[in-house]
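Chemist: One structure is given below, represented as structure tokens, and several questions about it will come after.
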Amino acid sequence: MNVFAFDIDGTLLDSSDVDSRLYLESVERVLGNVELRSHWSDYEHVTDQGLLKSIILDNRLEHESLLIGKVKREFFQALKDYLNAHGPFRQIPGAREFVESLRRSDNTRIVYATGGWRDSASLKLQTSGFPLEGIPLGCSDDHDDRPSIMRNAVASLSVKPHTITYYGDGTWDKVACEKLGWRFVAVGMELGGIEDYRTDA
């Protein structure tokens with residue numbers, strides 16, 4: 001069985017910029033004017049929970065679990081408000097049709113594996129028309145680090161993978177695939193990857 005795993009923001013949906021902005025705004029509303037590192041790549045784990053734990057540690061804040069819960073709720077509400085005001089995120093061209101075609105195939109299985117939190121990831125996929133029922137969703141609620149999130153998603157399948165191919169748009173996706181020994185397919189301009197699933201995938 002061939003398994004295809006997908007990141008979400010920037011890979012299936014054109015949502016990375018908005019997602020990052022809403023995340024930072026939520027962090028600042030809950031934690032205040034905290035000090036941040038220069039780039040996401042400066043953090044060990046580029047996931048919603050991994051980043052937040054590092055930010056809390058860097059700024060010597062207490063009550064980590066309480067603060068994480070507050071930021072998660074703030075972010076989810078901000079995301080709902082954005083979608084209500086602007087509508088669903090646009091898909092990367094051809095992404096939904098590509099996922100659906102893999103889902104219909106007898107010799108493939110698909111999973112989602114994202115650095116985002118489960119509720120927000122599910123909401124983004126659902127409102128943009130991507131299938132959810134019966135498809136594992138690995139997310140930052142399960143693990144701080146991306147390789148564990150990805151491994152956990154595939155482990156949720158009831159089949160033994162023959163091959164695993166991961167589609168992602170970030171350098172951290174590529175690094176995670178190297179650690180796991182998975183095939184990596186780059187998406188988006190930053191990595192010189194595919195920009196249209198109808199012609200490039």
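The values are calculated or read from the model by the stated rules, or taken from the named source; none is laboratory data. Small disclaimer: the values here were computed from a predicted structure and weren't measured. Positions of Cβ are backbone-derived with ideal geometry, glycine not excepted, and every protein chain shown enters the neighbour counts. SASA here: full protein model, heavy atoms, side chains in, ligands and nucleic acids out. Shrake-Rupley method; radii C 1.70, N 1.55, O 1.52, S 1.80 Å.
Chemist: Does Lys80 meet the test of being over 23 Å from Glu133 (Cβ atoms) and touching a residue at least 12 places away in the same chain (Cβ under 8 Å)?
Modeler: Details: over 23 Å from Glu133 (Cβ atoms): no; touching a residue at least 12 places away in the same chain (Cβ under 8 Å): yes.
No, not satisfied.
Chemist: Any residue in the stretch 93-109 that's basic (Lys, Arg): show its pairings with residues that are open to solvent by 50 Å² or more (accessible area, probe 1.4 Å) at Cβ separation under 8 Å, as long as the two are six or more apart or on different chains.
Modeler: If the second residue must be open to solvent by 50 Å² or more (accessible area, probe 1.4 Å), the pairs left are Arg109/Met1.
Chemist: Something else now. Please work out which residue is surrounded by the fewest Cβ atoms within 10 Å (Cβ to Cβ), limiting yourself to the stretch 142-168 and to residues that are assigned to a loop (DSSP other than H, G, I, E, B) and among the polar types (S, T, N, Q). So that I can check it myself, show each step before the final result.
Modeler: Within the stretch 142-168, the first condition is being assigned to a loop (DSSP other than H, G, I, E, B), and the residues that meet it are 142-145, 156-162.
Applying the additional criterion that residues be among the polar types (S, T, N, Q) yields 156, 158.
On the way: Ser156: 13, Ser158: 7.
Looking at the filtered set, the residue picked out is Ser158.
Chemist: Restricted to the stretch 89-118, and to residues that are of a type in the set (A, V, I, L, M, F, W, C) and either assigned to a loop (DSSP other than H, G, I, E, B) or open to solvent by 50 Å² or more (accessible area, probe 1.4 Å) (or both), which residue is nearest to Leu24 (Cα to Cα)?
Modeler: So, considering only residues that are of a type in the set (A, V, I, L, M, F, W, C) and either assigned to a loop (DSSP other than H, G, I, E, B) or open to solvent by 50 Å² or more (accessible area, probe 1.4 Å) (or both), the one nearest to Leu24 (Cα to Cα) is Trp117.
Chemist: Quick one: Thr171 ticks every box in (1) under 23 Å from His39 (Cα atoms); (2) open to solvent by 80 Å² or more (accessible area, probe 1.4 Å); (3) out of contact with any strand residue (DSSP E or B) (no Cβ under 9 Å at 6 or more places or on another chain) except a single one, so which number is it?
Modeler: Every listed condition holds for Thr171 apart from (2).
Chemist: Can you tell me which residue within the stretch 44-64, out of those that are of a type in the set (A, V, I, L, M, F, W, C) and open to solvent by less than 50 Å² (accessible area, probe 1.4 Å), is nearest to the chain's Cα centre (by Cα)?
Modeler: Top of the filtered list is Val46.
Chemist: Ok, one more. Among the residues of the stretch 23-42 satisfying the criterion of being open to solvent by less than 10 Å² (accessible area, probe 1.4 Å) and not β-branched (Val, Ile, Thr), which is farthest from Ser101 (Cα to Cα)?
Modeler: Step by step, filter the stretch 23-42, then rank; the result is Ser26.
Chemist: For a quick check of your reading of the model, give me the residue pairs whose first member lies in the stretch 65-77 and is in a helix (DSSP H, G or I), whose second is among the polar types (S, T, N, Q), with beta-carbon atoms closer than 6 Å and at least 6 apart or on different chains.
Modeler: These pairs meet every condition: Val71/Ser26; Glu74/Ser26; Phe75/Ser26; Phe76/Ser120.
Chemist: Scan the stretch 166-182 and report the pairs whose first residue is within 10 Å of Pro147 (Cβ to Cβ) and modelled with pLDDT of 95 or more and whose second residue is open to solvent by less than 70 Å² (accessible area, probe 1.4 Å) and among the aromatic types (Phe, Trp, Tyr), with Cβ atoms within less than 6 Å and a gap of 6+ or a chain change.
Modeler: Cys177/Tyr166; Cys177/Phe184; Trp182/Tyr166
Chemist: From (1) out of contact with any Asp or Glu (no Cβ under 6 Å at 6 or more places or on another chain); (2) assigned to a helix (DSSP H, G or I); (3) modelled with pLDDT of 95 or more, pick out the condition that doesn't hold for Ser41.
Modeler: Exception for Ser41: condition (3).
Chemist: Among the residues of the stretch 65-88, count how many are closer than 14 Å to Ser20 by Cα and open to solvent by less than 20 Å² (accessible area, probe 1.4 Å). Explain how you work it out, then say what you get.
Modeler: Taking the stretch 65-88 and keeping what is closer than 14 Å to Ser20 by Cα, we get 71-72, 74-76, 78-79, 82.
Still in the running and open to solvent by less than 20 Å² (accessible area, probe 1.4 Å): 71, 75, 78-79.
Residues meeting the conditions: 4.
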